[in-house]
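Let me begin by presenting the structure, written as structure tokens, before commenting on it.
The values are calculated or read from the model by the stated rules, or taken from the named source; none is laboratory data. Here the structure is a predicted model, which is why all the values come from computation and not from measurement. No Cβ is skipped: glycine too gets one built from the backbone with ideal geometry, and neighbour counts run over all protein chains shown. Heads up: the accessible areas ignore ligands, DNA and RNA and are worked out on the full protein's heavy atoms, side chains in. Shrake-Rupley method; radii C 1.70, N 1.55, O 1.52, S 1.80 Å.
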Amino acid sequence: MNANLRFNWARLTANYWFYPALFSILGAVLAMAMIAVDSSGAASALGKAEWFLPARPQGALTMLSIMAGSMIAVAATVFSITIAAVAYASGNYGPRLLTNFMEDRGNQLSLATLIGSFVYAVVVLRAVRGEDETAAFVGAVVDGAGSGSDALPGFVPQVSLAVAYGLTALCVAVLVFFLHHIPSSIRINIVLEGIGRRLLRLIRETYPQEGEFREPHEPRGGQPAHAWSAGYVQLIDFETLVKAARKADCVFSLRVRTGDFVHRGLALMDISGPEPEALDELLHDAFTIGPVRTPEQDPQFLIDELVEIALRALSPGINDPFTAINALHWLSAATAEIARRNLRKQVLRDEDDDDDGDQPVIPLADTFAHYVNRGFGGIRGAAATSPIAAQVMLEALENAAAPITDMTRRAILREHGHLLGEQARLALKGPDLALVEDRLTAFERFFAP
């Protein structure tokens, strides 16, 4: 259940409505609180300060009206610019990157601050009373800021207005930040850095043990439990599965991993124990199936994004090998991070994880070869057509292998270099092929025992 809550929270905040709605509520609550302070007379000392010039009703009405109108207009402009930037990025870098821009906190909070300030100004505007009106608050003699002969006619919530000035200054600062953030966020180097660093964090979270290389548990087989609908596996709640397996005294051998596409009739896992029909409710609780893939629990999703950007850059219509080179660099860093880690998923708490004991839940094995095939294997065909990209890919394979002590994993990277050479011999000729052949010779020397 905790995993489902974390997943739902991540999905809830990965859109453009959550923070604006939250800030709108906070803006309204703040406005009512400030009005209550003004109406109670608690801020009457502020009106007596020599440095403070209290506003008259007409001035307050004008100020708040301008603030509300300008904030909602700027918010509409910010939203339009954001949508234009998202459309540009998804069209040029790939539609799967739409998730990254939807989750951009800079865009979300900029829009939310402007809308929250608009709501604040509108609520405070309603509390202002003109000079010919009577204050609608008990305890407010005439203006909420003072009393007696020095009081101004009508009611002006002076503290609320001062907070409105502060929010206006904050909105100006947010607008300046946004104007810098948008063009910066759609630069391809920044986009690749965001994907790469997020991938490295996800790898460390998914495979926390470094320096150990244990083989995955063998699946137990059993009767298949089938998916109930079509879509992508967005989340697997291993904690729920472990509790259910122990309660039913059985073993679950998963046949899918997060990010796989399933449909009715396709097995989610094999159950060694009770009939699968008896666990239908459990499957609905432990597996989240949706229309799109998400980065949660799925490093392969971010690897696919790097591969997609590289393939688009190397396509004949774009022919931008340097963007592909940047993607190869981050893919090399991610591959080296994966290679240093134990790829057996920890479905039990550390104190309960017994290598020699029975495992109630056996995840589908994530091998190093699987990740390398998905990454470098996906780019290899396109990189072989570009002498620059081919040479950099060989360098990236070397860099990924440099910190690896496991010879089996080093051999996998070496094999991908050989496959790239074979592909390049089919795609290149003349001086371009000679450059790649020279780099292949250096590549072989690097991996020589």
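Some notes on this structure:
- Flag for F79 being in a helix (DSSP H, G or I), modelled with pLDDT of 90 or more and out of contact with any His (no Cβ under 8 Å at 6 or more places or on another chain): no
- Checking L192, L200, L175, L235 one by one, the residue that is in a helix (DSSP H, G or I), touching a residue at least 60 places away in the same chain (Cβ under 8 Å), open to solvent by less than 70 Å² (accessible area, probe 1.4 Å) and more than 27 Å from L111 (Cβ to Cβ) is L200 and no other.
- Candidates S272, S253 - the one that is in contact with a His (Cβ under 9 Å, 6 or more places away or on another chain) and of a type in the set (S, T, Y): S253
- Selection count, region 99-133, where residues are farther than 29 Å from T294 by Cα, at pLDDT below 90 and open to solvent by less than 40 Å² (accessible area, probe 1.4 Å): 3
- Filtered by the rule that a residue be in a helix (DSSP H, G or I), open to solvent by 40 Å² or more (accessible area, probe 1.4 Å) and modelled with pLDDT under 90, region 203-219 gives a lone residue, E205.
- Scanning region 434-444 for residues that are touching a residue at least 40 places away in the same chain (Cβ under 8 Å) and either of a type in the set (V, I, T) or crowded, with 17+ Cβ neighbours inside 10 Å (or both) yields V436, R439, L440, F443.
- Hey, R264 part of a loop (DSSP other than H, G, I, E, B) and open to solvent by 80 Å² or more (accessible area, probe 1.4 Å) or not: yes
- Tally, over region 256-274, of residues that are hydrophobic (A, V, I, L, M, F, W, C) and closer than 24 Å to R246 by Cα: 5
- Residue within region 56-63 that is open to solvent by 50 Å² or more (accessible area, probe 1.4 Å), modelled with pLDDT under 80 and not small (G, A, S) present: yes
- Filtered by the rule that a residue be open to solvent by 50 Å² or more (accessible area, probe 1.4 Å) and either out of contact with any Lys or Arg (no Cβ under 9 Å at 6 or more places or on another chain) or at positive phi (or both), region 223-232 gives a lone residue, Q223.
- Single condition I404 does not satisfy, out of (1) open to solvent by 20 Å² or more (accessible area, probe 1.4 Å); (2) assigned to a loop (DSSP other than H, G, I, E, B): (1)
- When V251 is tested against (1) of a type outside the set (K, R); (2) open to solvent by 50 Å² or more (accessible area, probe 1.4 Å); (3) touching a Pro at 6+ places or on another chain (Cβ under 7 Å), only condition (2) is not met.
- Selection status of N342, open to solvent by 10 Å² or more (accessible area, probe 1.4 Å), modelled with pLDDT under 95 and polar (S, T, N, Q): no
- Summed over region 381-401, the residues that are over 29 Å from the mean Cα position of the chain (by Cα), open to solvent by 10 Å² or more (accessible area, probe 1.4 Å) and of a type in the set (A, V, I, L, M) give a count of 1.
- The number of residues in region 178-189 being among the hydrophobic types (A, V, I, L, M, F, W, C) and part of a loop (DSSP other than H, G, I, E, B) comes to 1.
- Output for region 245-261, where each listed residue is of a type in the set (A, V, I, L, M, F, W, C) and either over 15 Å from P363 (Cβ atoms) or assigned to a strand (DSSP E or B) (or both): A248, C250, V251, F252, L254, F261
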